[in-house]
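Below is one structure, written out as structure tokens, with a few remarks after it.
Every read-out reported here was derived from the displayed coordinates using simple, explicitly stated rules and does not represent laboratory data. Because the structure is predicted, anything quoted here is derived from the model rather than measured. Backbone-built Cβ (ideal geometry, glycine too); neighbour counts: all protein chains shown.
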Amino acid sequence: MTLPQKNLIKKLAWVLLAKLVVLTVLWWAFFHDQRVAVDAKLVSDQFLSTSSTSGNKGEQP
């Protein structure tokens, strides 16, 4: 590997590390306390329903 290639790899590694740090900070600042309540009955009803909902685009009948 030549010196310019090594420098490019080093710069790319730093950029990826910086992006990872920024994404982690953003997640920690805005999303780490968020929780989604899941109702098992509702989920099973959605998966096991016999009606076709492909034309509804997420709307309930």
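One table, with the values for the structure above:
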{"quantity": "Sum of side-chain charges, LEU12 neighbourhood, beta-carbon under 14 Å (Lys, Arg +1; Asp, Glu -1)", "calculated": "+4"}
{"quantity": "Net charge dipole size for segment 3-47 [Lys, Arg +1 and Asp, Glu -1 on Cβ; Debye, nearest 20]", "calculated": "500 debye"}
{"quantity": "In order through segment 9-15: 3J(HN,Hα) via Karplus (6.51 cos²θ - 1.76 cosθ + 1.60), integer Hz, x for Gly, Pro", "calculated": "4, 5, 5, 5, 5, 5, 5"}
